[in-house]
Amino acid sequence: MSGETNLDELIRSLSAVLVEGLYVFTTIKAPQDLMGIVPRMTFGEAEGTTYILLKSEAEQLGLAYEFPCRMITLNIHSSLEAVGFMARIATELAKHDMGVNPVSGFFHDHLFVPDGHEQDAMTVLMEMSKR
């Protein structure tokens, strides 16, 4: 069940899907009931818990948020031990003046890119896979 580790194969097989919705990052110091809302990601830090959730959900909960962004899922099962995959993607996006917040799940990597730059990011990813 381990994923792909070969960097050239990862890039060549890169298939990106733009996920519907506008996402934001928020943090809560103490655990809080999210009223049935299930975030896309939760990560505990010393300062509080970070959540990635839809902007509409953050607003519904009255949470302050930052970084309105779009989520792009990379449809290749990359290994959690793959070396350089996210670095290559982040470097390529940086060449086009785009920041990215990557999140790795067990099966796929997900890129959170600034709202309004999602189509540019999709184009960059498509071009990368053709090289």
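The numbers here are math on the coordinates, done by the rules we state, and not lab data. Nothing here was measured: the structure is a model prediction, and the numbers come from that model. Note that each Cβ is placed from the backbone with ideal geometry, even for glycine, and that neighbours are counted across all protein chains shown.
Couple of notes before you dig in:
- Reach of Lys29 by Cα under 23 Å, taken over lysines that are not fewer than 8 positions away in the same chain: Lys55
- In region 10-53, trypsin sites (Lys or Arg not before Pro) in a DSSP loop with at most 16 other beta-carbon atoms within 10 Å: Lys29
- Glu127 paired with Asp115, simple spin-label distance in nm, labels 7 Å along Cα-to-beta-carbon: 2.6 nm
- Summing charges over neighbours of Lys95, with a neighbour being any other residue whose Cβ is under 12 Å away from its Cβ, gives -3 when K and R count +1 and D and E count -1.
- Remark: Phe25, Phe43 ranked as Phe43, Phe25, counting other beta-carbon atoms within 10 Å and listing the fewest first.
- Binned Cα-Cα distances of the chain, short to long, each 10 Å bin given as a whole percent: 12, 40, 32, 14, 1
- Estimated FRET transfer efficiency when R0 is 25 angstrom, pair Glu45-Glu20 (beta carbons, to 0.05): 0.35
- Modelled FRET efficiency - R0 22 Å, Ser13 with Ser104, Cβ distances, 0.05 increments: 0.85
- Local net charge near His117, Cβ-Cβ under 14 Å (Lys/Arg +1, Asp/Glu -1): -3
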